[in-house]
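The values are calculated or read from the model by the stated rules, or taken from the named source; none is laboratory data. Since we're looking at a predicted model, the values are computed, not measured. Cβ coordinates were reconstructed from backbone atoms using ideal geometry, including for glycine residues, and neighbour counts include every protein chain displayed.
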Amino acid sequence: MARLLSCRLSACVAVSIIISLVTPVSAEVGTVIPAGNSPYQAVYDSSTNKIYVTNSADSSVSIISDSANAVVATLTVGRLPWNIVYDSGKGTIWVANAGSNTISVINDKTNGVIKTINTGSFPDPLAYDSGKGEIFLAGPGSINQSSVLIINDTSYSTIGTLNVNGGIVGCAYDSNKNEVFFACRTNSNSSVVVVDDRNDSIVSSISLANYVQSIVYDPKRGEVFVACTYDSVYVISDSTNQVTATITVGNSPQDITYDSSLGEIFLVNAISIAD
Amino acid sequence: MQGYLVAINENTNSVIGWLPLATTPSCIVYDSSKQELFLINLFNDTVSVISDSVTLSTQPLPTPVPGLTTSFTALIVIIALLFILPATLTIVLIVTMLKRRSRRCTNVDAIA
């Protein structure tokens, strides 16, 4: 019996040693807030100081107060809510429900769903165009071509469509140039497609060497930061629509955001497994 | 799978530092009123809140950890050595003892 216990103890020690060898030191995070089932995307509402989180597996949105650091409400939306965007002009949150082919529009004062819009098929990334009061909804399409719906945020009606090459994985609105940047992937390459919102036409397509993952606009510098697998962030000037810098950021960038206070770009990476 | 946070200076386009995280978030959002970062942890069903002034490591960015296959292979070998081998030896020992006892019994019967 003692021998068996000794063996098991040795095994536990060995397993612990292996885990400690392959696992880096964990960070001490400030606060951890329980969300819904499989939280996927989020958006910050600067008017109410709340964070809206899509819970992809339970068809809901968790609303977090940034003063309480707690969930203050949970709303039911459509199936597979993935992407989400904040419309500062109307005080609404737009949730793309990929599983039910709809968009749920949430009023940020009442925290109620005020409109459900049918999108026809699979809605994905969203961008809010503050200049024209429009929502750009990417998604319906294939890996080689996507269609973009342009929706008026007052009438909730589709006022235009647009086709771009590749599957759209992210989009960002450039308030200085009134343009929307779409990060697109095909089977063989990636690109950033620039659309002028005055006539909803493509004005540029910028090829990138790596697969795009996420995109954010830096209004202070007039630049777009594009996070790409395997380990790069590309910086695109909105004046020239050219890549002006490539930053090595480590493995597998997942998402990217702009910090206007510090003038910094933050991104989250996955530690990849190499074999 | 663990991840890490990376900060880039928008003026120099260079990495300022990084911070290891308990998990790999699927999304990061900046809260300008509180100057905090909200990290959406898909695999943990949680949201982590980090100040944007958190102290970052300026050490070189993490390199890929040893491969999963290698780790599992090592784990399986160690488990085999620590559990399966002693168990096999014990079974062999018991079988040998039973055989000896059986032979002894046969011998006693033969003498009788």
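The criterion of at least 2 residues that are within 11 Å of chain B (Cβ to nearest Cβ) is met by the following strands (runs of 3 or more DSSP E) wholly inside segment A:166-275: A:211-218, A:223-229, A:232-237, A:242-248, A:253-259, A:264-270. Could you tell me whether any residue of segment A:235-242 is touching a residue at least 12 places away in the same chain (Cβ under 8 Å), touching a strand residue (DSSP E or B) at 6+ places or on another chain (Cβ under 8 Å) and more than 17 Å from residue A:177 (Cβ to Cβ)? Looking through segment A:235-242, none of the residues is touching a residue at least 12 places away in the same chain (Cβ under 8 Å), touching a strand residue (DSSP E or B) at 6+ places or on another chain (Cβ under 8 Å) and more than 17 Å from residue A:177 (Cβ to Cβ).
For segment A:51-89, filtered to residues that are assigned to a loop (DSSP other than H, G, I, E, B) and among the acidic types (Asp, Glu), the residue that is farthest from residue A:129 (Cα to Cα) is A:58. Scan segment A:89-102 for residues that are under 21 Å from residue A:214 (Cβ atoms) and surrounded by fewer than 24 Cβ atoms within 10 Å (Cβ to Cβ) and the total you get is 1. Residue under question is residue B:43, and the condition is that it be facing chain A (nearest Cβ under 9 Å), over 19 Å from residue A:264 (Cβ atoms), out of contact with any strand residue (DSSP E or B) (no Cβ under 7 Å at 6 or more places or on another chain) and at pLDDT 90 or above; does it hold? So residue B:43 fits the description; yes. Note on segment A:194-218: residues that are over 14 Å from residue A:239 (Cα atoms) and not aromatic (Phe, Trp, Tyr) amount to 15.
For the condition over 20 Å from residue B:26 (Cα atoms) and of a type outside the set (Asp, Glu), residue A:99 does not qualify.
The single condition from (1) closer than 30 Å to residue A:158 by Cβ; (2) touching a Lys or Arg at 6+ places or on another chain (Cβ under 8 Å) that residue A:182 fails is (2). Against the conditions (1) facing chain A (nearest Cβ under 8 Å); (2) within 19 Å of residue A:213 (Cα to Cα); (3) within 26 Å of the chain's Cα centre (by Cα), residue B:23 satisfies every one except (1). Look at (1) surrounded by fewer than 22 Cβ atoms within 10 Å (Cβ to Cβ); (2) in contact with a strand residue (DSSP E or B) (Cβ under 8 Å, 6 or more places away or on another chain) and you find that residue A:193 fails only one, number (1). Could you please let me know if residue A:229 is farther than 18 Å from residue B:27 by Cα and surrounded by fewer than 19 Cβ atoms within 10 Å (Cβ to Cβ)? So residue A:229 does not fit the description; no.
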